[in-house]
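Working notes, structure below.
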Amino acid sequence: MEEDIDGDIEDIEALNYDDLDNVSKLQKSQRFTDIMQKVEAALQNGSDISNHGMVLEDDPEYQLIVDCNVLSVDIENEIVIIHNFIRDKYRLKFPELESLVHHPIDYARVVKKIGNEMDLTLVDLEGLLPSAIIMVVSVTASTTSGKPLPEDVLQKTIDACDRALALDAAKKKVLDFVESRMSYIAPNLSAIVGSAVAAKLMGTAGGLSALAKMPACNVQLLGAKKKNLAGFSTATSQFRVGYLEQTEIFQSTPPPLRMRACRLLAAKSTLAARVDSTRGDPSGTAGRSFREEIHKKIEKWQEPPPAKQPKPLPVPDSEPKKKRGGRRLRKMKERYAVTDMRKLANRMLFGVPEESSLGDGLGEGYGMLGQAGSGKLRVSVGQSKLAAKVAKRFKEKSYGSSGATSGLTSSLAFTPVQGIELSNPQAHAHQLGGGTQSTYFSETGTFSKIKKT
Amino acid sequence: MNATYDTPRRLILNLEMDEVLSSVAETIKNFAVIYLVDISEVPDFNTMYELYDPSTVMFFFRNKHIMIDLGTGNNNKINWALKDKQEFIDIVETVYRGARKGRGLVIAPKDYSTKYRY
């Protein structure tokens, strides 16, 4: 790899945060250079399938691929560190840029292009960023609070950008290499999602076994782009899909089914990765069968629903009505239940003519209501719970009515038979079941002893 | 015309009515079955049931003839073409309910005394 960049910088400044090398060491490491050399060689040799006979773990190429995976994760971390470095330096010049351009590599490119320029109309960002973002960047740059950087700081920043870009290129090479070997490393996974996506997944996860250990929901999100920039609509954002978005299966499903397809893909590819990590199926048949399954399922989802059959009517009266019970129903029934007054009016004493509404046997009969000898003078209606509700409503309606009783009631009453009669409160308790009266219809009555005559 | 047990039946003699009956047959098959009789081919019951109209529908339940009070004056049969499917289903259901309870005469849900007026 290019090692010629860093010669000058490390001589000038050492042990200083200003120095990129103190924070970013990967590019200088021996490991990095070794692996990159091997990758280059392997890429030039083309794929080498002759070593099928060997057990995979002993195969040096497999080892290289494992190393590559680890390396790609390391490169990514390194890029983040360099990005932070560039950002810190460039903040003096253009602080808003870091919130507008999130991707580290894009940021590095933009920084390199802008350099120390204050007027962004002279800078052509075409091709580096989407046009909408270019517009926002230009507008922000015209009102930025930054000042041009001193020359040495600028030089360091540009160098750091170069480093980042170099690392990115290295990572690309590594991924290409892994991709070309993918069908050898993970045949099942590449059978489902394709070798490019499989390589990316493996690279991001940090190896095949790491990928196999992930739950499917995480696999679905590998490589997902994060939030959209502020101010741009989120209506078009593909929600919760990562590298799997680029698979052929995903692209060929109609948009309404895409979320389900993505979940299905993630699940099956996780299974395939697990098979591959244990080398359970080197030929890739498991992967192909998974792929078939996925295709079948997606087709099934697209089937129209079955036609509606006209249902014949059920036999009338064959299904009895569902009667409800419970407290609510009981309370409701109470409102229409037969009251005590009505019960008394329905019954008659033997041998005692009843009073009637029009007198003389005409009109409605009153039965035992108001007969002399019963405990109560006037059977009050107050016991019913319906009346309680009605009374409450009546109270609310009549504004400021006084107490419930009117002032005209007295405990004296004149009856035709016995003259003045006073009410006997104790007698009320036995009213309906008094010993002298017939207990045939009594609700509270029990069996009585019948003497033999 | 066959004797039936458990389900009411009718006689029909007109294409308009035929249409309604054939479309309704599947829906009410759980409690009624429809028989189509051509009175020119089977004239045996023409005098007994007075089958002289183009279409006549009669109801039988367990070998008993069920009468319906339609308001027309003739409680024994429906001797015009009933166009509405839902009306017909309602009549059949009323007949079934009443017949199961043992009634010989049921009251139709709709009054047809003014059926010649539009």
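The values are calculated or read from the model by the stated rules, or taken from the named source; none is laboratory data. Please read these numbers as outputs of a predicted model, since none were measured by experiment. Note that each Cβ is placed from the backbone with ideal geometry, even for glycine, and that neighbours are counted across all protein chains shown. For the accessible areas, the whole protein counts, side chains as well, though only heavy atoms, and no ligand, DNA or RNA atoms are used. Shrake-Rupley method; radii C 1.70, N 1.55, O 1.52, S 1.80 Å.
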Accessible area drop of at least 20 Å² (1.4 Å probe, protein heavy atoms): which residues of segment A:299-322 qualify, relative to the chain alone?
A:312, A:313, A:315, A:316, A:317
Using the Cα centre of segment B:8-107 as origin and beta-carbon charges of +1 (Lys, Arg) and -1 (Asp, Glu), tell me which of B:74, B:46, B:106 is placed farthest towards the positive end of the dipole.
B:106
In the calculated pair distance distribution of segment A:58-125, what percentage of Cα-Cα distances lie above 20 Å?
43 percent
Ignoring ligands, DNA and RNA and using a 1.4 Å probe, state the total buried accessible area between A and B in Å², rounded to the nearest 100.
800 Å²
Would you mind computing, in nm to one decimal, how far apart the modelled labels at residue A:117 and residue A:257 are, each placed 7 Å from Cα along Cα→Cβ?
4.9 nm
Answer in debye to the nearest 20: the dipole magnitude of segment B:8-107 about its Cα centre, from +1 Lys/Arg and -1 Asp/Glu charges placed on Cβ, is 700 debye
What FRET efficiency would be calculated for the residue pair residue B:74, residue A:319, taking the C-beta separation as r and a Förster radius of 30 Å, to the nearest 0.05?
0.35
Against the globular-protein guess of 2.2 N^0.38 Å, express the Cα radius of gyration of segment A:233-308 as a ratio, rounded to two decimals.
1.30
Between residue B:106 and residues 5 or more places away or on another chain, the pairs with built amide H atoms under 5 Å apart involve B:67, B:68, B:69
Segment B:8-107: translational diffusion in µm²/s, Stokes-Einstein, Kirkwood Rh over Cα pairs, 37 °C, 0.692 mPa s:
241 µm²/s
Put A:350, B:59 in order of accessible area, largest first, probe 1.4 Å, and you get A:350, B:59
Mind scanning A:93/A:171; A:173/A:296; A:28/A:171; A:297/B:29; A:25/A:147; A:213/A:297 and naming the pairs with a C-alpha gap bigger than 27 Å?
A:93/A:171; A:173/A:296; A:297/B:29; A:25/A:147
